[in-house]
Amino acid sequence: PFGVFLPATWGRPAAAECSASALCPGATCAPISGTHNLTPGCILDFGAKAVTLIGVFQADVTGASFEVRAGSLTLNAGKLKSLGSGSTPGGDIRVTVTGAFSMTGSGPLVDASAGGGGGGLFVTAASFSVCSRSQPRWWRS
């Protein structure tokens, strides 16, 4: 006989989360990788820490919004997503930092798009820089 063992979580989406201390438990933050599905209305508050995202922060629910607060935030090919679908617009993504917010990398680094209209990116920062090979999907030229 031949058997296959599949873990109980195989094929299931990751559970939604909203804990800055779980993502960055120390006095300083290591680069955050992986995909993190955020609960609707989540506020990830990293305090005064400098945060580098090389993974993805995305809304767990279609059209939901979330916020990231930190001393600074760098998207080093990392992505922020709050997608919509059909007539449901994408959600709002808020970034509130006391220092710099910078985006580097290629592809859409911020995506709040949908067929029914999109959400937006709202930034409060001392400085804001974009060095990307493509425009974000919310960008209107």
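The values are calculated or read from the model by the stated rules, or taken from the named source; none is laboratory data. Please read these numbers as outputs of a predicted model, since none were measured by experiment. Backbone-built Cβ (ideal geometry, glycine too); neighbour counts: all protein chains shown. Accessible surface is based on the protein model in full, side chains and every heavy atom, while ligands, DNA and RNA are left aside. Shrake-Rupley method; radii C 1.70, N 1.55, O 1.52, S 1.80 Å.
Quick check, is Gly118 among the small types (Gly, Ala, Ser), modelled with pLDDT of 75 or more and either open to solvent by 30 Å² or more (accessible area, probe 1.4 Å) or closer than 14 Å to Gly78 by Cβ (or both)?
Answer is no for this residue.
So in the stretch 1-20, with the set limited to residues that are at pLDDT 60 or above and not in a strand (DSSP E or B), which one is least open to solvent (accessible area, probe 1.4 Å)?
Ranking the candidates gives Ala20 first.
Listed residues Ser72, Ser102, Ser65; which is closer than 23 Å to Ala48 by Cα and within 13 Å of the chain's Cα centre (by Cα)?
Ser65
If Gly47 satisfies all but one of (1) at pLDDT below 95; (2) at positive phi, what's the number of the condition it fails?
If we test Gly47 against (1) at pLDDT below 95; (2) at positive phi, just (1) comes out false.
Only residues that are open to solvent by less than 30 Å² (accessible area, probe 1.4 Å) and modelled with pLDDT of 95 or more: list them for the stretch 60-71, please.
Phe66, Glu67, Val68, Ala70, Gly71, listed by residue number.
Looking at the stretch 44-58, which of its residues are open to solvent by 20 Å² or more (accessible area, probe 1.4 Å) and either more than 14 Å from Leu75 (Cβ to Cβ) or not in a strand (DSSP E or B) (or both)?
Those that are open to solvent by 20 Å² or more (accessible area, probe 1.4 Å) and either more than 14 Å from Leu75 (Cβ to Cβ) or not in a strand (DSSP E or B) (or both): Asp45, Gly47, Ala48, Lys49, Ile54.
Condition (residue is surrounded by 16 or more Cβ atoms within 10 Å (Cβ to Cβ) and assigned to a helix (DSSP H, G or I)) applied to the stretch 74-92: is it met by at least one residue?
Checked the stretch 74-92: no residue is surrounded by 16 or more Cβ atoms within 10 Å (Cβ to Cβ) and assigned to a helix (DSSP H, G or I).
Condition check: surrounded by 21 or more Cβ atoms within 10 Å (Cβ to Cβ) and either at negative phi or at pLDDT below 95 (or both). Does Leu23 satisfy that?
Judged against the criteria, Leu23 is not a match.
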